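Working notes, beginning with the structure itself.
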Amino acid sequence: MVFAEIPAAVQDTFRLDLTGKQVERLFQISPDLVYIIDMNRRQMVFISKRVEDMLGYSYDDIQQLGGSLVSMLVHPDLTRFLKETYERFLALNEGESFEFTFQVRHKNGSVRTIRSRATVLVYDENGNNHLIMNMAEDITKTLVHEMDLQKKQYQIHETEVIFKCGSWEWQNTEKIIRWSEGLFRLMGLSPEDYPDKCITLPFFESFILPEDLLRVQNYTKQLVVDRRENFEIEHRITDASGALKYLTLRARCYYGEDGRLARVIGVAADRTEIETYQKELERRLVALKKSNQDLEQFAYVASHDLQEPLRKIIAFGERLDKKYKEQLGTEGQFFVERMTNAAYRMNGLIEDLLTYSRVSRQTESHTLISLEEVVKNVMEDLEVKIQDKNAVILIDKLPPIEAQPVQMHQLFLNLIENALKFTKSSAAVAPLVEVKARKATVQEIKAIVQLIPHETYYRISVTDNGIGFEPEYAERIFAIFQRLHGRAEYEGTGLGLAICRKIVETHHGYIEAHGKVGEGAEFIFYLPHRQHDTPVS
């Protein structure tokens, strides 16, 4: 096969005063690959130099391949493909052409997709198709781009369906709004009913609730006057089916050189579910807050009302013991003593319940206080117990914070008193209580979800070398009326640590406990440096 020359029959076909070289040059400058098939010889008799750019093969390479592209073809059923293509070549009539697509392997090993258009160039003396000219182009990149586009369109479609949103665009030159399919679905409309995907502003406004329409219009007008770049507003609509929906519109505004609004590109998201959940959450929070207030009020009133009869029981018991001690006898004195002790325990329990209910009820304002001064006062209150226990109390430098002084006093009193209560029975080990404080690290604050990031917190700990507790009870000990030991072993109502947690949480902090049996316990709590007076239920 001679590639450098156009067959004479091809030259005659053009019926132009051109040489073979000139006709060849016309083929060579074509952006497409040109190749000619001789149907009688079933052989390619010409191929343009574009083969080098398209497939990486030179003329010499083609010659070595026997003047055929068959060895380069990639097809699952090559024989059938060649047979069908040859039959279609034979069936071509004058002036007809047909397109077909095939894949070939590039010299570098990659696979290219080729689209070829075939037409009859020369007939033989019997009127049969003799020479078939093909114009071929590499559509690999086009197909890749189309696949990428389809993939992106699919991703956009799925995103709009999943997140119940849609995009929109307005241009001043067109005076229309282009909607994505997702936005039509959001409005309860079928995208297929709007082939051009365009609507008018009045059409969109017809969906907005009348109560919201004026607000949206005024917002838009002011935005244009102020030449703001960002557009964001929430409003309600009634979709095509009559369903009420809550929408959030966000957009970017572009202005021309004359300062006029030229283009707006935005998205609309359906936040109906969020709005529903939010309202339900608010309703439940209100109900929970009321329930908590009712319970606290009940505890407060009940505890307060119970104190008076208890005082009388204690007073009459003590009077019986003093005035009628001899007449009561040993058994009677035992019963009176047990009655009085029970009344005292009940009175202590009521006092703790009142303290617990007062924590969130107190109206005392937050002030900047010295925790060192607070702990100093606590130490004075516990002076007798400390001496009786022969305990050592080590106090670190403590920071000033905004808090309620009375509650801070109660917090440290309960924790230090708790450490003094659960000491080891061995006299050889002197009770040791350490109170330490430092600024909490960023990592510590982020690790505790109850704390607010970027706020300044202090980490305060109260550690003892007492009897400790099993780690599995670290959370249980903060619950109301929870005791790890019997009343005969250690006195108390089971409310002390619950009060501590309530105080810390009321001050927007966090408290936790760590313990090990026989080695002691550590109570760590975090308190903010500043309070924002946000109520905590």
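Looking for whichever is open to solvent by 100 Å² or more (accessible area, probe 1.4 Å) and either at pLDDT below 80 or among the acidic types (Asp, Glu) (or both) here; the options are Glu273, Glu337, Glu296, Glu318. Which one fits? Write out each step before concluding.
Numbers: Glu273 fails: open to solvent by 100 Å² or more (accessible area, probe 1.4 Å); Glu296 fails: open to solvent by 100 Å² or more (accessible area, probe 1.4 Å); Glu318 fails: open to solvent by 100 Å² or more (accessible area, probe 1.4 Å).
Checking each option against the conditions leaves just Glu337.
Hey, does the range 144-159 have a residue that's part of a strand (DSSP E or B) and in contact with a Ser or Thr (Cβ under 8 Å, 6 or more places away or on another chain)? Quick ask: steps written out before the conclusion?
Step one: of the range 144-159, the residues part of a strand (DSSP E or B) are none.
Looking through the range 144-159, none of the residues is part of a strand (DSSP E or B) and in contact with a Ser or Thr (Cβ under 8 Å, 6 or more places away or on another chain).
Look through Arg185, Arg227, Arg215 and report the one residue that is in contact (Cβ under 8 Å) with a residue 24 or more places away in the chain and over 28 Å from Lys152 (Cβ atoms).
Details: Arg185 fails: over 28 Å from Lys152 (Cβ atoms); Arg215 fails: in contact (Cβ under 8 Å) with a residue 24 or more places away in the chain.
Among Arg185, Arg227, Arg215, only Arg227 is in contact (Cβ under 8 Å) with a residue 24 or more places away in the chain and over 28 Å from Lys152 (Cβ atoms).
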(request) Could you please let me know if Leu411 is buried (at least 20 other Cβ atoms within 10 Å of the Cβ) and touching a residue at least 24 places away in the same chain (Cβ under 8 Å)? (result) yes
(message) Restricting to the range 383-402, and then to whatever is of a type in the set (A, V, I, L, M, F, W, C) and outside any strand (DSSP E or B), can you tell me which residue is nearest to Phe525 (Cα to Cα)?
(response) Leu398
(request) Go through the range 202-246 and count every residue that is of a type in the set (D, E, K, R) and within 23 Å of Gly256 (Cβ to Cβ). (result) 6
(request) Determine, yes or no, whether Asn126 is under 30 Å from Leu92 (Cβ atoms) and outside any loop (DSSP other than H, G, I, E, B). (result) no
(request) Please specify each residue of the range 446-464 satisfying the condition of being surrounded by fewer than 20 Cβ atoms within 10 Å (Cβ to Cβ), at negative phi and not hydroxyl-bearing (Ser, Thr, Tyr). (result) Lys446, Ala447, Ile448, Val449, Gln450, Leu451, Ile452, Pro453, Glu455, Arg459
(message) Given the criteria open to solvent by 50 Å² or more (accessible area, probe 1.4 Å) and either free of Cβ contacts under 8 Å to residues at least 60 places away in the same chain or touching a helix residue (DSSP H, G or I) at 6+ places or on another chain (Cβ under 8 Å) (or both), does Lys421 qualify?
(response) no
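Filter the range 250-262 for residues that are assigned to a strand (DSSP E or B) and more than 31 Å from the chain's Cα centre (by Cα) and give the result. Give the derivation first.
At the first step, the residues of the range 250-262 found to be assigned to a strand (DSSP E or B) are 250-255, 261-262.
Residues satisfying the conditions are Tyr255, Leu261, Ala262.
Quick grid of which residues meet (1) open to solvent by less than 30 Å² (accessible area, probe 1.4 Å); (2) basic (Lys, Arg); (3) at pLDDT 65 or above; (4) over 30 Å from Gly109 (Cβ atoms):
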site: Pro7; (1), (2), (3), (4): no, no, no, yes
site: Glu24; (1), (2), (3), (4): yes, no, no, yes
site: Ile29; (1), (2), (3), (4): no, no, no, no
site: Asp32; (1), (2), (3), (4): no, no, yes, no
site: Leu55; (1), (2), (3), (4): yes, no, yes, no
site: Asp60; (1), (2), (3), (4): no, no, yes, no
site: Ser68; (1), (2), (3), (4): no, no, no, no
site: Ser71; (1), (2), (3), (4): no, no, yes, no
site: Asp77; (1), (2), (3), (4): no, no, yes, no
(request) For Asp138, work out the one condition from (1) acidic (Asp, Glu); (2) out of contact with any Gly (no Cβ under 7 Å at 6 or more places or on another chain); (3) surrounded by 15 or more Cβ atoms within 10 Å (Cβ to Cβ); (4) farther than 17 Å from Ser48 by Cβ it doesn't fulfil. (result) (4)
(message) The conditions are (1) of a type outside the set (Gly, Ala, Ser); (2) open to solvent by less than 80 Å² (accessible area, probe 1.4 Å); (3) modelled with pLDDT of 75 or more, and Leu288 fails exactly one of them. Which is it?
(response) (2)
(message) Among the residues that make up the range 107-116, is at least one of them surrounded by fewer than 12 Cβ atoms within 10 Å (Cβ to Cβ) and part of a strand (DSSP E or B)?
(response) yes
(message) List the residue pairs whose Cβ atoms are under 8 Å apart, where the first residue sits in the range 451-468 and is touching a residue at least 40 places away in the same chain (Cβ under 8 Å), the second is assigned to a strand (DSSP E or B) and of a type in the set (Asp, Glu), and the two are 6 or more positions apart or on different chains.
(response) Ser461/Glu434; Ser461/Glu522; Val462/Glu434; Val462/Glu522; Thr463/Glu434; Thr463/Glu522; Asp464/Glu434; Asp464/Glu522
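Helices (runs of 4 or more DSSP H) wholly in the range 160-243 with at least 2 residues that are open to solvent by 30 Å² or more (accessible area, probe 1.4 Å) and among the hydroxyl-bearing types (Ser, Thr, Tyr) - which ones?
210-226
Here's the yes/no breakdown for (1) free of Cβ contacts under 8 Å to residues at least 24 places away in the same chain; (2) within 15 Å of Glu52 (Cα to Cα):
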| site | (1), (2) |
| --- | --- |
| Glu96 | no, no |
| Asn108 | no, yes |
| Thr119 | no, no |
| Glu125 | yes, no |
| Asn134 | no, no |
(request) Could you give me the residue pairs with C-beta distances under 6 Å whose first residue belongs to the range 511-537 and is under 22 Å from Ala447 (Cβ atoms) and open to solvent by less than 50 Å² (accessible area, probe 1.4 Å), whose second residue is at pLDDT 90 or above and of a type in the set (Lys, Arg) wherever it lies, and which are 6+ apart or on separate chains? (result) Ile511/Arg501; Tyr526/Arg459
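The values are calculated or read from the model by the stated rules, or taken from the named source; none is laboratory data. All values reported here derive from a predicted model rather than from experimental measurement. With ideal geometry, Cβ positions are generated from the backbone for all residues, glycine too; neighbour counts draw on all protein chains shown. Ligands, DNA and RNA are stripped out before the accessible areas are found, and what is left, the full protein with its side chains, is counted by its heavy atoms. Shrake-Rupley method; radii C 1.70, N 1.55, O 1.52, S 1.80 Å.
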